[in-house]
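Chemist: One structure, as structure tokens, below. Some questions next.
The values are calculated or read from the model by the stated rules, or taken from the named source; none is laboratory data. The structure presented is a predicted model; accordingly, all values stated were derived computationally and were not measured. Methodologically, a virtual Cβ is constructed for each residue, glycine included, from the backbone with ideal geometry; neighbour enumeration extends over all protein chains shown. Each accessible area value is taken on the protein alone, full model and side chains, heavy atoms only, with ligands, DNA and RNA left out. Shrake-Rupley method; radii C 1.70, N 1.55, O 1.52, S 1.80 Å.
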Amino acid sequence: MAKNPTAKLQEPTKDEKKGEEEVAAQVEKPVVEEPVLTVEEEILNNITLIGRAVSTIEPRFTIRVLRTLTTLRKKLNKAVLKNVLDQAFPKGSKTGQSLIANSIFSSLPSSSSEEESMEVDPTDSTTTTTAGDTAATTQKKKFSSPLDNSGNDLIPEGIIYLRLLLILLNLDAGKVVEAGEFALETTEIISSLNRRTMDQIAAKVWFYLARSFELQGRLAELQPYFLAIRQTASLRKDETLEVTVINLLLRSYLASQQYDQADKLIAKSTFLGAANQAQTVRWLFYAGRLRAIQLNYAQARNYLQTAIRRAPKDEVAPGFVQLIHKYFIIVVLLTGVIPDRAMFRKPVLKQALLPYFQIVQAVRIGDITGFEKAFQTHEQVFLNDSTHFLILRLRHFVIKTALRSITLSYSRISLADICVKLKLDSEEDTEYIVAKAIKDGVIDAFIDHEKGFIVSKQIKNVYETDEPTIQFNKRVNFCTQVYNESVRAMRYPPNAHRKELDTAADARERDREIAQLIQENENDADDMDDMGDL
């Protein structure tokens, strides 16, 4: 008689049953899609976060709101802002009514998409709404405005944030004069309120005030305001506003060629680089430009190289990254070094650096004719980039490079032949240039004044000199500097913030917020391209 084959099968253990139940639960668990917020809802959520920052005195919520400005302004229009102003302010608020009735809002142009949306019959959309859609809409939380102490109006931080959106909307619409006047009025309101929870928003308002005046060619008029607000920010320990205003002052001084004032500002002010990464990159760029103008090419190179290393991604701020590389290439050439060719092959930099690549080629081979031709062809580009006067200084380096090539090729050559090869004016000028090159150590030769020729000395092995030691020390110092900056930027101990949290739920929410901030920081433009650096 055959045995039952199923009799040998063992019953599943408890662990196997538990695993099967977990798999079944994961399969049966419905996938909940996150709702896509409209522009109005995103702005209202930002106002709620600002209210949370005021109530908890946590500036990180305000910083998170300001990070969305770059993407939010692309979707902003008059109809959206009108709906936000109607919902953000409580009923009967005179502040909201005055903003809607203000000429800076009423004079804004309406886009075609807004007019089409106004022509749609609202009854059609309600009749076609499914049961699922109605359930989703009922689940949306109703917006409650964070009110001030009186309870009759929106908190001042929320009002200034809405005024900032109005400034951005006018700047994008080309109404530069109106945006500047409205921004100046907003700064006066900020000064009268004197609230520390408004510091981050105030820095943005001052930034766009400077931007609107710069587009009008009136940036120098704001210098007294910048000096006064910088002193106030320093006394109040408002680091964000202070570093923003310092950069605006430096930009104004460089634009108006007040180089002595810019040098005094850098010497007498302490720049707090930890306050804002974007402002730190700007300060390094402006300091590098100033040092290059002052003929301090070594320090200028260090500043610009650090700015390139700390700059955002190429896709985030392409114009700013291009401008830093343009100055860096010229400064590197002025230090007597040829830039790396790989720099010119990057997709974002390839087309923008084409005129500078031709200059680098001429300097590398000592081609004076090619240098003058490239300079005349792209002279307007150099004027727009404000690198015209720095490139003019490169002519001496082209001549020195050509002299070095000649002395390597000839053991003895007459000054007349050098004059012809370099296309100089006279033999006297040639003799002066050769003597200066010998004094600077560019070439190793001596001049026979009686017979009118130069004699090259025998080339020494570079490893018999101090040059390898000098280069090695430079690299060690650079690596040490990078290491020290990395150590200062570290945040430790990692779990210190958990002592201030009451429950485990608050700890998990704090971790989620930190992860979101890190993710947003990677793609944060932070208005790098808003200062006319394209």
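Every residue, every condition in (1) touching a Phe, Trp or Tyr at 6+ places or on another chain (Cβ under 7 Å); (2) open to solvent by 60 Å² or more (accessible area, probe 1.4 Å); (3) modelled with pLDDT under 75, yes or no:
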| residue | (1), (2), (3) |
| --- | --- |
| 445 | no, no, no |
| 479 | no, yes, no |
| 493 | no, yes, yes |
| 504 | no, yes, yes |
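Chemist: Would it be correct to say that residue 214 is open to solvent by less than 50 Å² (accessible area, probe 1.4 Å), within 21 Å of residue 182 (Cβ to Cβ) and either of a type in the set (D, E, K, R) or at pLDDT below 90 (or both)?
Modeler: Considered against the rule, which asks whether it is open to solvent by less than 50 Å² (accessible area, probe 1.4 Å), within 21 Å of residue 182 (Cβ to Cβ) and either of a type in the set (D, E, K, R) or at pLDDT below 90 (or both), residue 214 comes out as yes.
Chemist: Further question on the same structure: Mind checking which residues of the range 170-180 are open to solvent by 10 Å² or more (accessible area, probe 1.4 Å) and either free of Cβ contacts under 8 Å to residues at least 60 places away in the same chain or touching an Asp or Glu at 6+ places or on another chain (Cβ under 7 Å) (or both)?
Modeler: 171, 174, 176, 177
Chemist: With the requirement that a residue be among the hydrophobic types (A, V, I, L, M, F, W, C) and more than 9 Å from the chain's Cα centre (by Cα), what does the range 302-325 give you?
Modeler: 304, 307, 308, 323, 324 - these are the residues of the range 302-325 that are among the hydrophobic types (A, V, I, L, M, F, W, C) and more than 9 Å from the chain's Cα centre (by Cα).
Chemist: Based on what the data block shows, is residue 475 modelled with pLDDT of 90 or more and part of a helix (DSSP H, G or I)?
Modeler: Yes; evaluated as a whole, the condition is true for this residue.
Chemist: Being open to solvent by 30 Å² or more (accessible area, probe 1.4 Å), within 24 Å of residue 475 (Cα to Cα) and in contact with a Ser or Thr (Cβ under 7 Å, 6 or more places away or on another chain) is true for just one of 220, 298. Which residue is that?
Modeler: 298
Chemist: Here's something else I'd like to know. Determine which member of the set 233, 255, 228 is among the aliphatic types (A, V, I, L, M), open to solvent by 20 Å² or more (accessible area, probe 1.4 Å) and in contact (Cβ under 8 Å) with a residue 12 or more places away in the chain.
Modeler: 255
Chemist: State which residue pairs qualify: first residue closer than 18 Å to residue 310 by Cα and inside the range 463-484, second residue of a type outside the set (A, V, I, L, M, F, W, C) and open to solvent by 80 Å² or more (accessible area, probe 1.4 Å) in any location, beta carbons under 9 Å apart, and separation of 6 or more residues or different chains.
Modeler: Close Cβ pairs satisfying both conditions: 478/302; 481/302; 482/309.
Chemist: Looking at (1) within 21 Å of residue 287 (Cα to Cα); (2) open to solvent by 10 Å² or more (accessible area, probe 1.4 Å), which is the only condition residue 199 fails?
Modeler: (1)
Chemist: Additional query: For the range 418-429, check the following and say yes or no: at least one residue is among the aliphatic types (A, V, I, L, M), surrounded by 14 or more Cβ atoms within 10 Å (Cβ to Cβ), part of a helix (DSSP H, G or I) and without any contact (Cβ under 8 Å) to a residue 60 or more places away in the chain.
Modeler: Yes, the range 418-429 has at least one match.
Chemist: Follow-up question, since we're still on this one. Under the condition of being open to solvent by 20 Å² or more (accessible area, probe 1.4 Å) and assigned to a helix (DSSP H, G or I), which residue from the range 276-295 is farthest from residue 479 (Cα to Cα)?
Modeler: Ranking the qualifying residues of the range 276-295, first place goes to 293.
Chemist: Right, another one. Any residue at all in the range 124-137 that is open to solvent by 50 Å² or more (accessible area, probe 1.4 Å), charged (D, E, K, R) and either at pLDDT below 80 or closer than 19 Å to residue 52 by Cα (or both)?
Modeler: yes
Chemist: Checking residue 247 against (1) within 16 Å of the chain's Cα centre (by Cα); (2) crowded, with 21+ Cβ neighbours inside 10 Å; (3) modelled with pLDDT under 90, which test does it fail?
Modeler: Of (1) within 16 Å of the chain's Cα centre (by Cα); (2) crowded, with 21+ Cβ neighbours inside 10 Å; (3) modelled with pLDDT under 90, only one is false for residue 247: (3).
Chemist: Still on this structure, please answer the following. Given the options 355, 339, 312, name the one that is free of Cβ contacts under 8 Å to residues at least 24 places away in the same chain, open to solvent by less than 40 Å² (accessible area, probe 1.4 Å), not basic (Lys, Arg) and not assigned by the TED database to the domain that holds residue 482.
Modeler: 339
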